[in-house]
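Worksheet: the structure to be examined is printed underneath.
The values are calculated or read from the model by the stated rules, or taken from the named source; none is laboratory data. Fair warning: this is a prediction, and the values are worked out from it, not measured in the lab. For neighbour counting, all protein chains shown are included, and Cβ atoms are generated from backbone atoms with ideal geometry for every residue, glycine included.
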Amino acid sequence: MENSTVNTLGIILLVAVCLVILRLKYISSGEHVFYRTHTRDRFCFPELISFVKHEIHELSRNPVNEWGMSEDAWMRKVKIRAELRQALRGCTSGDQQDKQYVKSYIRDLLMKGYGITEENIGRIIPFQDRERLTARDRFDIVLYLYELRHGCMALSALIEDYGLDQHKELSGEEEAGTGIYEINSDDVDMVFYREYRLLSFTEKLDLVVQRVYQMYKGFSVIDTIREQNIDGVSGGVSGIPGNSSIWQQMEEPGETGGQEIALDQDGRELSRSWDSVWIFYKGKSLRLSFLSFGSEAELKRVCQNIYKFNLPGQLSEANGFKVNEMKDGSRVVVVRPPFAETWAFFIRKFDVKSAVLEGLIQGRNAGLPVMLLKYLMKGSRITSITGSQGSGKTTLLMAMVKHIYPSYTLRVQEMSFELHLRRLYSARNILTFRETEYVSGQAGLDLQKKTDGTVNILGEVATDEVAAWMVQMAQVASLFTLFTHHAKTFRDLIESLRNSLLKVGMFRDEKIAEQQVASVIDFDIHLCKDPSGNRYIERITECYRLDEGYRERVIVEYRNGAYVPVEPVSSRSVNEMIRDMTPGDAANFEKFLGVNWREAIGA
């Protein structure tokens, strides 16, 4: 009896060992075909994603016993696993190399492990039947074809070629003349039928791999859009929040499969917060109404991952927002409930390559403001750049720095790294600081006094403390200062800074505080954006100081599409600017003034 029991246990143990060995060989071969017993279609994206998640987890986990493997082969396996882990972490931060590395793994897994071929790939996306393609499918195909020709300029080229950024009038009972900027499914259909061509198997596989990646490790429907050369992209900023009391269940589940929907007072379905995808293009906010994250969980996943570059801390109920940058320099802001009514994100991209004054300032006689801004930098003028969000303040500041004398050292303070001046001017002495969870903006500004800075640059004067420090810094801490502010007029700028000095307790008398502000600001450049998204410099103003105050002196103004000279630069400013210029620049500056403001010298 005992022998029989022992034999039975031995057989069971032997069978278990054989199964383990077969399993290890099965996984390591990389040639197995993955089949599951599911009621769902095997060739659907949830199944593909589930397979990829499982296999990449197996590939990236700690090495198991690799029986019969040489030391060199084992070390190669270890290295490959380490590279894969690194790529899986880096791809969620906007690192293109890591993204391509992960996508190459997904491609191999789908072909060798899942058995995707030219014969069955149409079961995933119906490439062979154009009528069955969704608006999202069609947009992905068109954008992919444009990327083959235009790279990161694909979306811009697509919008320009078909005028997709044109104003759309609202139908129904809306007020005449109102409307929105939107790219809808009809626009996508129109472009698709003009641009579509037969795709090769490699091209089809590229599209499937990208779709799997963006739903697994990428940023869902905005993954490719985010990489395009546009001004920005946001999500979760429109539609009914998921926890809104307006939600109601359809009485007939058959119409929507039991899905909860929101209806307006006329019974029309309302969009939800996860149906919200917007891009910022040439100063316009365009809604991509044909795109959706599909669920609140997917929008939440994107928000929880998109800000993680360089480990900025955890987004939580107690800390309901995060401001950070991505690997490519994009600024990302993420908010969540209960601080915000929905999960949402905002990505702003800054086109460093186009940060040139001549390219940014357009219109008749644009050479006038271009040359004046150059001389303001060479003449070491304390200059503010004001305007609303999206008017181009940061990009203009980037371009103006080029004309500061290269021998000057620059110290920059920002809330998040946006200017990236060392990318533009890598040979210059530039150091940028930013606020962190442990180092306040005020502490960073205090430190700048001890870093040998000739020029101080503030990415944005947004708090009373920073405004007060900026006034002090402009007086004594540097040769001159540049900063941006959201003031609507020059008067608003002065009053805002004055109020900040009063709030922090530097002054008690309103008039004295205002005189103090006026004594440190030399010029203001005010930017505007019209309803069509066109950006321009509305005016360049000098702060003309008087014994008991100041006067706004408009030097250049934008009128009817052209820049015109108005009042001349004051003699005080002219003399101070010439003093800080090289002899050659000083001579050219005087000629420039003589041509445009004949009475400027000595005015």
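Scanning region 432-483 for residues that are surrounded by 14 or more Cβ atoms within 10 Å (Cβ to Cβ), of a type outside the set (A, V, I, L, M) and either assigned by the TED database to the domain that holds residue 311 or not in a helix (DSSP H, G or I) (or both) yields a count of 16. The single residue among 532, 519, 496 that is out of contact with any strand residue (DSSP E or B) (no Cβ under 6 Å at 6 or more places or on another chain), of a type in the set (Ser, Thr, Tyr), assigned to a loop (DSSP other than H, G, I, E, B) and in the same structural domain as residue 468 (by the TED database) turns out to be 532. Just one of (1) surrounded by fewer than 19 Cβ atoms within 10 Å (Cβ to Cβ); (2) more than 21 Å from residue 481 (Cα to Cα); (3) not small (Gly, Ala, Ser) fails for residue 565. It is (1). Of the residues making up region 499-507, none is under 19 Å from residue 376 (Cα atoms), among the hydroxyl-bearing types (Ser, Thr, Tyr) and assigned to a helix (DSSP H, G or I). Among the residues of region 475-521, those identified as among the hydrophobic types (A, V, I, L, M, F, W, C) and either touching a Pro at 6+ places or on another chain (Cβ under 6 Å) or over 20 Å from residue 541 (Cα atoms) (or both) are 476, 477, 479, 501, 502, 504, 506, 507, 512, 513. In this structure, does residue 363 turn out to be on the phi > 0 side of the Ramachandran plot, touching a residue at least 40 places away in the same chain (Cβ under 8 Å) and not assigned by the TED database to the domain that holds residue 425? Against the criterion (on the phi > 0 side of the Ramachandran plot, touching a residue at least 40 places away in the same chain (Cβ under 8 Å) and not assigned by the TED database to the domain that holds residue 425), residue 363 qualifies. Within region 71-106, restricting attention to residues that are without any contact (Cβ under 8 Å) to a residue 24 or more places away in the chain and touching an Asp or Glu at 6+ places or on another chain (Cβ under 8 Å), the residue that is nearest to residue 311 (Cα to Cα) is 89. Tallying residues that are over 40 Å from the mean Cα position of the chain (by Cα) and not in a loop (DSSP other than H, G, I, E, B) within region 562-573 yields 2. Of all residues assigned to region 515-533, at least one qualifies as being out of contact with any Gly (no Cβ under 8 Å at 6 or more places or on another chain), modelled with pLDDT of 90 or more and within 25 Å of residue 285 (Cα to Cα). Of the residues in region 380-388, at least one is in the same structural domain as residue 556 (by the TED database), in contact with a Lys or Arg (Cβ under 9 Å, 6 or more places away or on another chain) and surrounded by fewer than 22 Cβ atoms within 10 Å (Cβ to Cβ). Annotation note: of 218, 239, 232, the sole residue that is modelled with pLDDT under 95, touching an Asp or Glu at 6+ places or on another chain (Cβ under 8 Å) and assigned by the TED database to the domain that holds residue 308 is 239. Test residue 410 against the stated conditions and say whether it is surrounded by 22 or more Cβ atoms within 10 Å (Cβ to Cβ), in the same structural domain as residue 472 (by the TED database), closer than 17 Å to residue 473 by Cα and touching a residue at least 40 places away in the same chain (Cβ under 8 Å). Answer is yes for this residue.
The sole residue among 539, 535, 559 that is closer than 21 Å to residue 358 by Cβ, under 39 Å from the mean Cα position of the chain (by Cα) and without any contact (Cβ under 8 Å) to a residue 12 or more places away in the chain is 559.
Just checking, which of 426, 391 is assigned by the TED database to the domain that holds residue 457, hydroxyl-bearing (Ser, Thr, Tyr) and free of Cβ contacts under 8 Å to residues at least 12 places away in the same chain? Working first, answer last.
Details: 391 fails: free of Cβ contacts under 8 Å to residues at least 12 places away in the same chain.
Only one candidate qualifies: 426.
For residues in region 484-503 being surrounded by 20 or more Cβ atoms within 10 Å (Cβ to Cβ) and under 27 Å from the mean Cα position of the chain (by Cα), which is nearest to residue 580 (Cα to Cα)? Result: 484.
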